[in-house]
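To start, the structure under review is shown below, and the notes come after it.
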Amino acid sequence: MNTPISPRIALIGECMIELQQRADGSLQQSFGGDTLNTAVYLSRELGSEGSVDYVTALGDDSFSDAMCRSWAQENIGLSRVQRLPGRLPGLYCIQTDAAGERRFLYWRNEAAVRECFTTAAAAPILAALPTYDVLYFSGITLAVLGVQGREKLLEALIEARMQGARVVFDNNYRPRLWATVEDARAAYRSVLPHVDLALLTVEDEQALFHFSDCDAVFAAYEQMGTSEVVLKRGAEACLIRCDGELSEVPAQKVEHVVDTTAAGDSFSAAYLACRLKGGSPVQAAEAGHRLASRVIQVPGALIPR
């Protein structure tokens, strides 16, 4: 991955109020969301070797204030964060079973992020996106932006690539966020031809596109022109196709899984950070597995530094 020294990365998406349900029924409150989780871990992994901005919309409430303070503490830039009067961020609750597998309950239909790219204040933010070296977004980003927001995002992606930016996409397909699977497929297919690095979860690809196996996933993305594809498979080895070369990288074994929240997000962050610092796809996957193995041994999306 050819990138400048100290690249500028913008991650686009939604951060929500996170409630973690404990065994005694009490709730631990924090913040999380797929692209935000990746932004935090990416900022930590890059350190002074890059800068990370988060692109979203929040309300003017105390929770939104606290989010911005926590992001600043993680060295995440706030200049692309809109604050919409009278609006609120979304909220979700994580419930985990004895094996560490999680179930999510969401309250997000009126979240401020749904107007992220449709307000008047969004114009300069959209104009700035093509100036970044890397743009990162996910399938959840596509869902919460809505039709108009997705159109604006697509225009920015096309312009950014024309100016030499790399586009990174994490598939994160969540059926409940879409009216129909056909709507989701259409949205994904509109952006995928403009993606350079695809970080995919096999189960999501099968649920959305009904691919029969990993070979079918690789073939489809090769046809779309995606030069680098990573298939995340949980505790199994991840598979990589980069410029036609295939690699398989074993996951790190974890004896006691506490919470798998943000396992894929943290893997993506460490993978991208390593690639931006000049590492090979195999080295990047090893870094991704290392970080994910630590994350799943701690409750919640974001582990302490």
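Using only the alpha carbons, work out the radius of gyration and Dmax of segment 61-127 in angstrom.
Taking only Cα atoms of segment 61-127, I get Rg and Dmax of 15.0, 47 Å.
Whole-Å semi-axes of segment 113-176's equivalent ellipsoid, largest first, each the root of 5 times a Cα gyration tensor eigenvalue? Don't skip to the end; give the middle numbers.
Numbers: eigenvalues 73, 51, 12 Å².
Each semi-axis is the square root of five times an eigenvalue, giving 19, 16, 8 Å.
When only DSSP loop residues count, what GluC sites (Glu not before Pro) in segment 228-305 have their Cβ near at most 13 other Cβ atoms within 10 Å? List each step's numbers first, then the result.
Values: sites: GLU228, GLU236, GLU245, GLU248, GLU255, GLU286; in loops: GLU236, GLU255.
Qualifying residues, ordered by number: GLU236, GLU255.
So what are the radius of gyration and Dmax for the Cα set of segment 14-74, in Å?
Computed over the Cα atoms of segment 14-74, radius of gyration and Dmax are 13.1, 42 Å.
Please state the relative contact order of the chain as a whole percent: Cα pairs under 8 Å, 6+ residues apart? Show your work: numbers first, answer last.
Details: 623 pairs, mean separation 50.7, N = 305.
With pairs under 8 Å counted, the relative contact order is 17 percent.
Extent of segment 197-305 along each principal axis, from alpha carbon coordinates, in Å, largest to smallest?
40, 33, 19
Could you pull out every one of the lysines with an alpha carbon less than 19 Å from that of LYS253, ignoring same-chain neighbours closer than 8 positions?
Filter leaves LYS232.
If you count, for each residue, the other Cβ atoms within 10 Å and average over each peptide, how do 201-209, 177-185 line up from highest to lowest? Present the calculation step by step, with values, prior to reporting the outcome.
Details: 201-209: 17.7, 177-185: 13.9.
Taking the mean over residues of other Cβ atoms within 10 Å, the ranking is 201-209, 177-185.
Could you pull the Cα extents of the chain along its three principal axes, largest to smallest, in whole Å?
Computed over the Cα atoms, the extents are 50, 48, 42 Å.
Compute for segment 216-275: radius of gyration divided by Kirkwood radius, i.e. Rg/Rh, restricted to C-alpha atoms, rounded to two decimals.
Numbers: Rg = 13.0 Å, Rh = 12.9 Å.
Dividing the radius of gyration by the Kirkwood radius yields 1.01.
What ³J(HN,Hα) values, in whole Hz, does the Karplus curve 6.51 cos²θ - 1.76 cosθ + 1.60 give for segment 49-63 when θ = phi - 60°, with x put for Gly and Pro?
Each residue of segment 49-63 in turn: 8, x, 10, 10, 10, 10, 10, 6, 10, 10, x, 10, 9, 5, 5 Hz.
Compute the length gained on full extension between ASP97 and ASN109: take 0.36 nm times their separation in residues and subtract their Cα-Cα distance, giving the result in nm to one decimal. Walk me through the numbers before you get to the answer.
On the way: separation 12, 0.36 × 12 = 4.32 nm, distance 2.63 nm.
Computed gain between ASP97 and ASN109 is 1.7 nm.
Give the residue list of trypsin sites (Lys or Arg not before Pro) in segment 91-137 that are DSSP loop and have at most 15 other beta-carbon atoms within 10 angstrom. Before the final figure, lay out each step's value.
On the way: sites: ARG102, ARG103, ARG108, ARG114; in loops: ARG108.
When the trypsin sites (Lys or Arg not before Pro) of segment 91-137 are filtered for loop state and at most 15 Cβ neighbours within 10 Å, nothing remains.
How many nm is it between the label spots at GLU155 and ARG294, if each spot is 7 Å from the Cα in line with the beta carbon?
Result: 4.1 nm between the two label points.
Nearest-5 percent of antiparallel DSSP beta bridges in segment 97-255? Kindly include the intermediate steps, with their values, before the conclusion.
Working: 9 of 22 bridges.
So the antiparallel bridges in segment 97-255 amount to around 40 percent.
How long are the three semi-axes of the equivalent ellipsoid for segment 68-205, computed from the Cα gyration tensor as the root of 5 times each eigenvalue, in whole Å, largest first?
With the √(5λ) rule applied to segment 68-205, the semi-axes are 24, 21, 16 Å.
Considering only C-alpha atoms, what is the centroid distance from segment 53-78 to segment 144-169, in Å?
22 Å
What FRET efficiency comes out for the pair GLU255/THR180, r = Cβ-Cβ distance, R0 = 45 Å, nearest 0.05? Show your work: numbers first, answer last.
On the way: r = 41 Å, r/R0 = 0.92.
After rounding to 0.05, the efficiency reads 0.65.
Values in this text are rule-based calculations from the coordinates and carry no lab data. Quick caveat, the model's predicted, so the values are computed rather than measured. Virtual Cβ from ideal backbone geometry, glycine too; neighbours counted across all protein chains shown.
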